[in-house]
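Colleague: First, the structure itself, so that you have it in front of you.
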Amino acid sequence: MVVIGLIHFYLWKRLVKDPLPPGRARRIGAVIAVALAVLAPATLIGVRSGALPWLAWPGYLWIALMFYLLVTLAVLEIPRLALVLLWRSRSRTGKGSASGTAPGDPVEPAAGNAEPEAGQVLTAEKPADDGIERRVLLARGAAIFAGLTAAGITGYGVRTALGGPQIARVQVPLAKLPRTLDGTRLAVVSDIHLGPLTGMNHARRIVDVINSVQADIVCVVGDLVDGSVAELGRFAAPLAGIQSRQGAYFVTGNHEYYSGFQEWVDEVARLNIRPLRNERLELGGLDLAGVNDLGGADAGDPPDFAKALGDRDTARPVVLMAHQPVAVHDAAPYGVDLQVSGHTHGGQMAPFNLLVGLEQPVTSGLGTVDGVPVYVTNGAGFWGPPVRVGAPPQVSVVELRSK
């Protein structure tokens, strides 16, 4: 709450107080700033709890716009400060004065002119409000630029987030993979986030993309929903249409534990997607394992890596489904050949991706952690603001190759 308040105070100063003169417009701007400062936390609390779902669109769009206003204005602080320091320096040295004297310096009377009266001092003329006018002009220019930039980025992000997911393809060699399984395709999808801003078409678009790649195995690696089965069950119905040669599988993400995880585990199974609850399956010459999300520990449903990965034939390759990339630190001692994950959204709204990297070892794409290849998909949906910048929604096709 305090951080949100400070952000809005900064936005009010740069977008209202600095560019507008005292008066009615500034007062109206202050009222709007206070209202938006209340809207942001009200949306985060009210929408997540289900008490105020109607706030989702205006509230989340403002949060996205607020973020990009903050980023743009913060970047503009550097040239703004440079200009202010330059003006102050020129004012002190008197540069820019036609006579070469600084504003306010005494001026000798011209030859032939009458001598000044006793006690009279002549000064160089300057507009009294010159410095103020320049600062106001700078503030208005920065406010306009920041507003247009933030609106443009947010609009682009909305269009990207609400569009269909792109197909991202990657090949991963596995030393233990039999030649008969060379070219096995995993369709990896995560973070669908069915919720108050999505409808039936959201899941249907994703299913159409999954089916178009003709995958051998479909891996749904968590964060399917943001709400109860009663609220969102109809939106999840198209998932029953997923097609693959060897089935579709699901592991929980942290958001399932905010939404009634057990009822969603049952609902996913009803949609012909098999939940992997700290367990492992043999699919021909390949093992597919899945663990509950790390966030399940607080709900009494923790991951159990020993149960899912222990006591197995280590000559067989194993692919682990785990929602969070950071789970690889617990999985690596069990000789995992590949982990597929989501959770990060690829950062969702650049430059937020720079912060995601502080928590997760891989933000997007293929990386290696503790000797284990980890593939992280951007996710097919969005959380919070319906905005994606620099991280388009994805359905990933991971093609396994034998060495």
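The values are calculated or read from the model by the stated rules, or taken from the named source; none is laboratory data. In this text the structure is predicted, and so the values were computed from the model without any measurement. Positions of Cβ are generated from backbone atoms using ideal geometry, with glycine treated the same way; all protein chains shown enter the neighbour counts. Protein only, heavy atoms only, side chains kept; ligands, DNA and RNA dropped before computing areas. Shrake-Rupley method; radii C 1.70, N 1.55, O 1.52, S 1.80 Å.
Colleague: Dipole of the chain (Lys/Arg Cβ +1, Asp/Glu Cβ -1, origin at the Cα centre): which of Ala142, Pro58, Val38 lies farthest to the positive side?
Modeller: Result: Ala142, furthest along the dipole toward the positive end.
Colleague: Using the basic label-point model (7 angstrom from Cα toward the beta carbon), what is the Ala42 to Leu148 distance in nanometres?
Modeller: 3.2 nm
Colleague: Expected output is a single nm value to one decimal: the length gained when fully extending between Ile78 and Thr180, i.e. 0.36 nm times separation in residues minus the C-alpha distance. What is it?
Modeller: On the way: separation 102, 0.36 × 102 = 36.72 nm, distance 5.92 nm.
Separation in residues times 0.36 nm, less the Cα-Cα distance, equals 30.8 nm.
Colleague: To continue, here is another question. Counting only complete DSSP H runs, which helices of the chain cover 20 Å or more along their long axis at the Cα atoms and score a mean Kyte-Doolittle of 0.0 or above? Before the final figure, lay out the partial values.
Modeller: Numbers: long enough: 24-49 (37 Å, 1.25); 56-93 (55 Å, 1.00); 130-162 (48 Å, 0.66).
Within the chain the helices that satisfy the rule are 24-49, 56-93, 130-162.
Colleague: Write down the percent of antiparallel bridges among all DSSP beta bridges whose residues are both part of region 297-384, to the nearest 5. Write down the numbers at each step before the final one.
Modeller: Working: 5 of 11 bridges.
The antiparallel proportion sits near 45 percent.
Colleague: How much length is gained on full extension from Ile32 to Ile167, taking 0.36 nm per residue of separation minus their Cα-Cα distance? Mind showing how you got there, number by number?
Modeller: On the way: separation 135, 0.36 × 135 = 48.60 nm, distance 4.14 nm.
Separation in residues times 0.36 nm, less the Cα-Cα distance, equals 44.5 nm.
Colleague: Can you give the accessible area per residue of the chain, in Å², using a 1.4 Å probe? Could you put the intermediate results ahead of the total?
Modeller: On the way: 19440 Å² over 403 residues.
With the other protein chains kept in place, the chain gives 48 Å² per residue.
Colleague: Select from Ala269, Ser91, Tyr258 the residue farthest towards the positive end of the dipole of the chain; place +1 on Cβ of Lys and Arg, -1 on Cβ of Asp and Glu, and compute about the Cα centre.
Modeller: The residue sitting farthest along the positive end of the dipole is Ser91.
Colleague: Find out how many positive minus negative residues lie around Gln171, taking Lys and Arg as positive, Asp and Glu as negative, among other residues whose Cβ is under 12 Å from that of Gln171. Each step should come with its number before you reach the end.
Modeller: On the way: positive: Arg169, Arg185, Arg401, Lys403; negative: Asp182, Glu399.
Around Gln171, the charge tally is +2.
Colleague: Still on this structure, I have one more. Ranked highest first by the average count of other Cβ atoms within 10 Å around their residues, in what order do 257-265, 84-92 fall?
Modeller: Working: 257-265: 18.6, 84-92: 12.3.
Listed from highest to lowest mean packing, they are 257-265, 84-92.
Colleague: Using a 1.4 Å probe over the heavy atoms of the protein chains, calculate the carbon and sulfur portion of the accessible area of the chain as a whole percent. Provide the component values of the computation, followed by the final result.
Modeller: On the way: 11430 of 19440 Å².
Carbon and sulfur: 59 percent of the exposed surface of the chain.
Colleague: Using a Gaussian network model on the chain with a 10 Å cutoff between Cα atoms, which of Ile78, Ile32, Ile63 fluctuates the most?
Modeller: Result: Ile78 has the largest fluctuation of those listed.
Colleague: Okay, next question. As I understand it, the dipole of region 166-275 uses +1 on the Cβ of Lys and Arg and -1 on the Cβ of Asp and Glu, about the Cα centre. Which of Val218, Gln243, Thr184 lies farthest toward its positive end?
Modeller: Of the candidates, Thr184 comes out farthest on the positive side.
Colleague: Label Trp87 and Thr368 with points 7 Å out from Cα along Cα→Cβ: what is the distance between them in nm?
Modeller: Those two pseudo-labels are separated by 5.5 nm.
Colleague: Per DSSP H run of at least 4 residues, take -39500 (n - 2.57); add these up for the chain, divide by its residues and hand me the 222 nm value, nearest 500 deg cm²/dmol.
Modeller: Values: 10 runs with 152 residues, N = 403.
That calculation yields -12500 deg cm²/dmol at 222 nm.
Colleague: Please work out how many pairs of lysine residues in the chain are eight or more positions apart (or on different chains) and have Cα atoms closer than 27 angstrom.
Modeller: On the way: Lys17/Lys126; Lys95/Lys126; Lys176/Lys307; Lys176/Lys403.
So the count works out to 4.
Colleague: Still on this structure, please answer the following. On full extension of the chain, what length is gained from Tyr258 through Ser228, given 0.36 nm per residue of separation minus the C-alpha to C-alpha distance? Let's see the in-between values first.
Modeller: Values: separation 30, 0.36 × 30 = 10.80 nm, distance 0.90 nm.
Extra length from Tyr258 to Ser228 when fully extended: 9.9 nm.
Colleague: About the Cα centre of the chain, what is the dipole size in debye to 20, counting +1 per Lys and Arg Cβ and -1 per Asp and Glu Cβ, all else neutral? It would help to have the intermediate numbers written out before the result.
Modeller: Details: 35 positive and 35 negative charges, 196 e Å.
For the chain, the charge dipole is close to 940 debye.
Colleague: I'd like the distance separating the alpha-carbon centroids of region 283-340 and region 192-266, in whole Å.
Modeller: Answer, in whole Å: 20.
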